[in-house]
Amino acid sequence: MAVAAVKTYEFEPADALGKFHGAQLLYIGWEDHLLFCAPFAFPFPPTMPFGAIIDQVLPGAFGYHPDFARIDWTRAEWFKSGKPWSPDFSRSLAENGLKHKDVIRFRTPGLNGIAGSCS
């Protein structure tokens, strides 16, 4: 059964860009690794190099998974909004076209979770 709102709801979202003091939210998920049930949200400055995420952020977020140490980042497949995407590790998040609340995911060919279980 269809439902119709009886009034228009207008409000500023609690996670609006202006509330992050110059940072923007970026959601990052690891495909085929359901130990992490949803992408993590990180507040990053848009000037941050994408490579810093790989070197400085992802080890703290995903590093306790046994597959993480075996990732070959040159073979990782990246997705932005569900579509294949190729980040430039030397360029900033903004230069890579990433905006507030974008979702990116990466797949690591040959690494499909603990004993291939996707977990």
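The values are calculated or read from the model by the stated rules, or taken from the named source; none is laboratory data. Just so it is clear, the model here is predicted, and its values are computed rather than measured. Every residue, glycine among them, receives a Cβ derived from its backbone with ideal geometry; neighbour counts consider all protein chains shown.
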Out of all the residues in region 86-116, which are among the charged types (D, E, K, R), in contact with a helix residue (DSSP H, G or I) (Cβ under 7 Å, 6 or more places away or on another chain) and closer than 22 Å to Ala38 by Cβ? none
Mind listing whichever residues of region 75-111 are modelled with pLDDT of 95 or more and among the polar types (S, T, N, Q)? Ser86, Ser90, Ser92, Asn96, Thr108
Scan region 5-24 and report the pairs whose first residue is part of a loop (DSSP other than H, G, I, E, B) and whose second residue is among the small types (Gly, Ala, Ser), with Cβ atoms within less than 9 Å and a gap of 6+ or a chain change. Glu12/Gly18; Asp15/Ala41
Residues in region 68-83: is at least one in a helix (DSSP H, G or I) and of a type in the set (A, V, I, L, M, F, W, C)? yes
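Let's see how each residue does on (1) surrounded by fewer than 15 Cβ atoms within 10 Å (Cβ to Cβ); (2) touching a residue at least 24 places away in the same chain (Cβ under 8 Å):
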site	(1), (2)
Asp55	yes, no
Ala61	no, yes
Tyr64	yes, no
Asp67	no, yes
Asp72	yes, yes
Lys80	no, yes
Asp102	no, yes
Arg107	no, yes
Gly116	yes, no
With the requirement that a residue be in contact (Cβ under 8 Å) with a residue 60 or more places away in the chain, over 21 Å from Phe62 (Cβ atoms) and surrounded by 15 or more Cβ atoms within 10 Å (Cβ to Cβ), what does region 82-100 give you? His100
How many residues, within region 31-51, are in a loop (DSSP other than H, G, I, E, B) and within 13 Å of the chain's Cα centre (by Cα)? 5
So, in region 24-40, exactly how many residues are surrounded by fewer than 16 Cβ atoms within 10 Å (Cβ to Cβ) and among the aliphatic types (A, V, I, L, M)? 3
